[in-house]
Amino acid sequence: AVTFLSFYVLRYFVSQNELVKEQLKHEQEMLAAEREKSEKLLLNILPPSIAKRLKDGESVIANEHNQAAILFADIVGFTNISQNITPIILVENLNKIFTHFDKLVEEFGLEKIKTIGDSYMAVSGLTEFKNEHLKKMADLAIAMVADIKEFSLDGETKCDIRIGIHAGPVIAGVIGSKKFSYDIWGDAVNTASRMESSGEAGKIQISQKFYEHIKDEYECQYRGQTEIKGKGLMNLYFLVSKKI
């Protein structure tokens with residue numbers, strides 16, 4: 001009787017041990033899945049190299065980049081259109097546009113910085129230091145102008161955009177401790193914004209500095225000297241297409 005009792009007690013503890021092992025394995029799998037979700041979310045917000053530095057414990061991240069290209073794109077007539085449609089339709093269609101732009105940015109190996117209202121901001125040259133990234137930025141802009149015509153905010157009117165690009169030094173870094181964001185700063189960023197705001201619908205306005213980098217491989221139209229707020233007279237160009 002003692003032998004049988006010992007056997008059943010032993011079997012009970014073995015089965016309990018197996019149950020605990022299964023529960024532990026399940027919890028570890030759930031933890032790994034949550035960790036993977038967190039990793040993907042972090043990589044959606046930050047470049048991989050910056051995400052790694054944050055995970056490694058760096059609290060202040062700021063880097064100088066001597067030759068970046070900054071792009072601003074703005075949807076033409078957004079304010080007027082948004083006043084005549086419901087917020088849900090507006091956000092749904094705006095999301096379709098920006099999701100497509102995200103895919104283009106990823107395709108060309110560039111970096112999306114942020115969206116502000118109907119404005120989209122991207123940069124190149126933060127991880128690639130050869131002039132090749134400037135051509136990729138030109139290709140991105142051309143693709144955005146071509147593809148935007150496939151979209152509509154109100155379901156009727158075809159969208160159009162105005163794009164501005166400038167090249168120059170920037171500071172890139174992470175700000176905030178909770179809802180942190182990766183951003184860029186510098187006079188070059190302000191100039192790129194001016195290129196967009198002073199441009200024309202359906203066109204890509206570029207500064208002379210950006211033009212000098214791409215002129216041998218891209219068709220550009222000289223716009224002339226234009227007064228730019230805070231900058232004075234600037235020689236400006238419209239990027240038209242890639243040379244065949």
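Output the residue which, of all residues in region 103-154 that are under 16 Å from Tyr182 (Cβ atoms) and among the small types (Gly, Ala, Ser), is modelled with the highest pLDDT.
Ala122
Residue by residue, here is whether (1) free of Cβ contacts under 8 Å to residues at least 60 places away in the same chain; (2) buried (at least 18 other Cβ atoms within 10 Å of the Cβ) holds:
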| position | (1), (2) |
| --- | --- |
| Ser207 | yes, yes |
| Ile214 | no, yes |
| Arg223 | yes, no |
| Leu233 | yes, no |
| Tyr237 | yes, yes |
| Ser241 | no, no |
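Going by what's in this entry, would Ala172 be described as surrounded by 13 or more Cβ atoms within 10 Å (Cβ to Cβ), on the phi < 0 side of the Ramachandran plot, in contact with a Ser or Thr (Cβ under 9 Å, 6 or more places away or on another chain) and touching a residue at least 60 places away in the same chain (Cβ under 8 Å)?
In short, no.
Which of the following residues is surrounded by fewer than 24 Cβ atoms within 10 Å (Cβ to Cβ), assigned by TED's automatic domain parsing to the domain that holds Leu236 and out of contact with any helix residue (DSSP H, G or I) (no Cβ under 9 Å at 6 or more places or on another chain): Glu150, Glu196?
Matching residue, one of Glu150, Glu196: Glu196.
Which residue, of Lys52, Lys96, is surrounded by fewer than 18 Cβ atoms within 10 Å (Cβ to Cβ) and in the same structural domain as Ser181 (by TED's automatic domain parsing)?
Numbers: Lys52 fails: in the same structural domain as Ser181 (by TED's automatic domain parsing).
The unique qualifying residue is Lys96.
Starting from residues that are of a type in the set (Asp, Glu) and part of a loop (DSSP other than H, G, I, E, B), keep the ones in region 122-165 and report whichever is nearest to the chain's Cα centre (by Cα).
Glu128
Between a first residue in region 102-131 that is over 16 Å from Ile165 (Cα atoms) and a second residue that is assigned to a loop (DSSP other than H, G, I, E, B) and among the hydroxyl-bearing types (Ser, Thr, Tyr), which pairs have beta carbons less than 9 Å apart while being 6 or more apart in sequence or on different chains?
Here the result reads Gly109/Thr127, each pair linking region 102-131 to a residue that is assigned to a loop (DSSP other than H, G, I, E, B) and among the hydroxyl-bearing types (Ser, Thr, Tyr).
Taking the stated definitions as given, is Lys158 in contact (Cβ under 8 Å) with a residue 40 or more places away in the chain and within 30 Å of Ile81 (Cβ to Cβ)?
Values: in contact (Cβ under 8 Å) with a residue 40 or more places away in the chain: no; within 30 Å of Ile81 (Cβ to Cβ): yes.
In short, no.
Please verify whether Asp56 is at pLDDT below 90 and not polar (S, T, N, Q), treating the condition exactly as stated. Reasoning before the result, please.
Working: at pLDDT below 90: yes; not polar (S, T, N, Q): yes.
Here the answer is yes, as Asp56 does meet what is asked.
Does Glu227 satisfy the criteria of being free of Cβ contacts under 8 Å to residues at least 60 places away in the same chain and in a loop (DSSP other than H, G, I, E, B)?
Values: free of Cβ contacts under 8 Å to residues at least 60 places away in the same chain: yes; in a loop (DSSP other than H, G, I, E, B): no.
Answer is no for this residue.
Output yes when any residue across region 181-191 is at pLDDT 95 or above, within 22 Å of Ile81 (Cα to Cα), of a type outside the set (Phe, Trp, Tyr) and surrounded by 13 or more Cβ atoms within 10 Å (Cβ to Cβ), and no when none is.
Scanning region 181-191, I find no residue that is at pLDDT 95 or above, within 22 Å of Ile81 (Cα to Cα), of a type outside the set (Phe, Trp, Tyr) and surrounded by 13 or more Cβ atoms within 10 Å (Cβ to Cβ), so the answer is no.
The values are calculated or read from the model by the stated rules, or taken from the named source; none is laboratory data. Quick caveat: nothing in here was measured; it's all calculated off a predicted structure. Glycine gets a Cβ as well: all are built from the backbone with ideal geometry, and neighbour counts include every protein chain shown.
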